[in-house]
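Here's the structure, in structure tokens; my notes come after.
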Amino acid sequence: MKRVLWRNARLATLTGHQPWGWVEQGALLTEGESIAWVGPEAELPPGLQVSEEHDLAGAVVTPGLIDCHTHLVYGGQRAREFELRLQGASYEEIARAGGGIRSSVAATRETAEEQLFELAAARLACLRAEGVTTVEIKSGYGLSLEAEAKSLRVARRLGREADVDVRCSYLGAHALPPEFQGRQDDYVEAVCEWLPQLQGQGLVDAVDAFCEGIGFTPAQTRRVFEAARACGLPVKLHAEQLTDQGGTQLACEFKALSCDHLEHLSPAGVQAMKASGTVAVLLPGAYYFLRDTNLPPIQALREAGVPMAVSTDHNPGTSPALSLLLMLNMACTLFRLTPEEALRGVTHHAARALGLTDRGQLALGQRADFCVWEVAHPNELSYYFGRNPLLRRVRGGIESRA
């Protein structure tokens, strides 16, 4: 097995009790896809034999970045809706008039699978170029068995061909398609019936839903989660973005991996997340793009010890963001996370939001996913915006194209 030494580095391991898990003069040893040793370079085992050695010249090394909430697979775009909102229309008004998610559904259904792949691959390339090594991709713009399967096949193919690990979430309960107008419960039943078929094709890692006044009720969401439980799949939830539906408490009953958005999260929701170990995924891009003014309860989450992840929420309607580094800055400036909290939010806590325990830190036995940055300290990653200081990107122990 190939052994590679990465030395003369400044490591933000995100382990232990020291801020950042900082190692001033550190080294990493990788064996195949895993980290075999990490620590101060002066403590490297004597007589170490390696296949390759890389002098990183004092650069900062962090775990590979993880974008744990995206909707990368869709047809079309919605710049016109952006314009309408600036002219005074609300997100809900646009959605109820047939725009919003439904317009993306129509475009996605009409777009051939190969073209969907090309569009999504171009978007994913932007994230990869900033150090993303793992990404979650949701369906939810097909809203039929055929179109949801098409979207999830594209996501799986991206994981095979785009040099990024991909986790696929089934978001059939995203919106009501036009053919089910007035029959929301019938559509929820269909979503539940499609799930075992999609899982049988190897297309689903988790199940998500949009529990909201313009989405699905808590009772309908419960039905989707019960179907997921019957299939042995973990759940996630778009929760409390526009109103408090109590969706977070429901998700926590099912030990949800994460609840995402949370601008209207209640104290009861915070306590439910604390008890269930559910990750709070903060999406500052959507907050910014919708010009929201209701902040997620960051201090309450912090005091409760709820892990906070950060993601782009890339989607065509409410967060067309393709820079996870920019989300670091927004998480700090808009939500008042510290730079260390923000970095943990796109590494260790993002991994937890996907149910992954083998990445997100620089530690023995973890996947050798890491980034080398041209910065003096990792706090610069959230300080700058509009700058990409990535020097090298390593995924599974192999330096890969950025």
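Those residues that are without any contact (Cβ under 8 Å) to a residue 40 or more places away in the chain, open to solvent by 80 Å² or more (accessible area, probe 1.4 Å), over 19 Å from H314 (Cα atoms) and of a type outside the set (A, V, I, L, M), I need them from the range 81-103; list them, please.
Q87, E93
Which of the residues belonging to the range 310-348 are among the acidic types (D, E), closer than 19 Å to V61 by Cα and in contact with a strand residue (DSSP E or B) (Cβ under 7 Å, 6 or more places away or on another chain)?
E341 - this is the single residue of the range 310-348 that is among the acidic types (D, E), closer than 19 Å to V61 by Cα and in contact with a strand residue (DSSP E or B) (Cβ under 7 Å, 6 or more places away or on another chain).
Is one or more of the residues making up the range 104-116 basic (K, R), without any contact (Cβ under 8 Å) to a residue 60 or more places away in the chain, surrounded by fewer than 23 Cβ atoms within 10 Å (Cβ to Cβ) and at negative phi?
yes
Any residue at all in the range 30-37 that is surrounded by fewer than 16 Cβ atoms within 10 Å (Cβ to Cβ) and either out of contact with any strand residue (DSSP E or B) (no Cβ under 7 Å at 6 or more places or on another chain) or closer than 16 Å to W373 by Cβ (or both)?
Scanning the range 30-37, I find at least one residue that is surrounded by fewer than 16 Cβ atoms within 10 Å (Cβ to Cβ) and either out of contact with any strand residue (DSSP E or B) (no Cβ under 7 Å at 6 or more places or on another chain) or closer than 16 Å to W373 by Cβ (or both), so the answer is yes.
Within the range 245-265, can you find the residues that are closer than 27 Å to E93 by Cα and open to solvent by 30 Å² or more (accessible area, probe 1.4 Å)?
Once the filter is applied, which keeps residues that are closer than 27 Å to E93 by Cα and open to solvent by 30 Å² or more (accessible area, probe 1.4 Å), the range 245-265 yields Q245, H264.
In the range 300-310, is there at least one residue being at pLDDT 95 or above, closer than 20 Å to A175 by Cα and of a type outside the set (A, V, I, L, M)?
Among the residues of the range 300-310, not one is at pLDDT 95 or above, closer than 20 Å to A175 by Cα and of a type outside the set (A, V, I, L, M), which makes the answer no.
Let me confirm something: among L343, L391, L362, L354, which residue is open to solvent by 10 Å² or more (accessible area, probe 1.4 Å), under 21 Å from the mean Cα position of the chain (by Cα) and at pLDDT 95 or above?
L354
How many residues does the range 365-388 hold that are open to solvent by 10 Å² or more (accessible area, probe 1.4 Å), more than 15 Å from L28 (Cα to Cα) and part of a loop (DSSP other than H, G, I, E, B)?
So the answer is 10.
Take the conditions open to solvent by 60 Å² or more (accessible area, probe 1.4 Å), more than 18 Å from D313 (Cβ to Cβ) and not acidic (D, E) and apply them to H17. Does it pass?
So H17 passes the test.
Scan the range 60-80 for residues that are modelled with pLDDT of 95 or more and open to solvent by 10 Å² or more (accessible area, probe 1.4 Å) and jot them down.
Scanning the range 60-80 gives a single hit, Y74.
Condition test on A304, is it surrounded by 19 or more Cβ atoms within 10 Å (Cβ to Cβ) and touching a helix residue (DSSP H, G or I) at 6+ places or on another chain (Cβ under 8 Å)?
For A304, the condition - surrounded by 19 or more Cβ atoms within 10 Å (Cβ to Cβ) and touching a helix residue (DSSP H, G or I) at 6+ places or on another chain (Cβ under 8 Å) - is not met.
Going through the range 271-291 one residue at a time, which ones are at pLDDT below 95 and either more than 20 Å from the chain's Cα centre (by Cα) or surrounded by fewer than 17 Cβ atoms within 10 Å (Cβ to Cβ) (or both)?
R291
So which pairs qualify, if the first residue must be in the range 296-321 and polar (S, T, N, Q), the second must be at pLDDT below 95 and surrounded by 23 or more Cβ atoms within 10 Å (Cβ to Cβ), the Cβ gap must be under 9 Å, and the two must be at least 6 apart or on different chains?
N315/I101; N315/S104
Collect the residues in the range 231-244 that are farther than 24 Å from Y91 by Cβ, in contact (Cβ under 8 Å) with a residue 12 or more places away in the chain and not β-branched (V, I, T), keeping them in residue-number order.
C231, L233, P234 - these are the residues of the range 231-244 that are farther than 24 Å from Y91 by Cβ, in contact (Cβ under 8 Å) with a residue 12 or more places away in the chain and not β-branched (V, I, T).
The values are calculated or read from the model by the stated rules, or taken from the named source; none is laboratory data. Keep in mind that this is a model prediction, so the values were computed, not measured. Every residue, glycine among them, receives a Cβ derived from its backbone with ideal geometry; neighbour counts consider all protein chains shown. Keep in mind that these areas ignore ligands, DNA and RNA; they rest on the heavy atoms of the full protein, side chains included. Shrake-Rupley method; radii C 1.70, N 1.55, O 1.52, S 1.80 Å.
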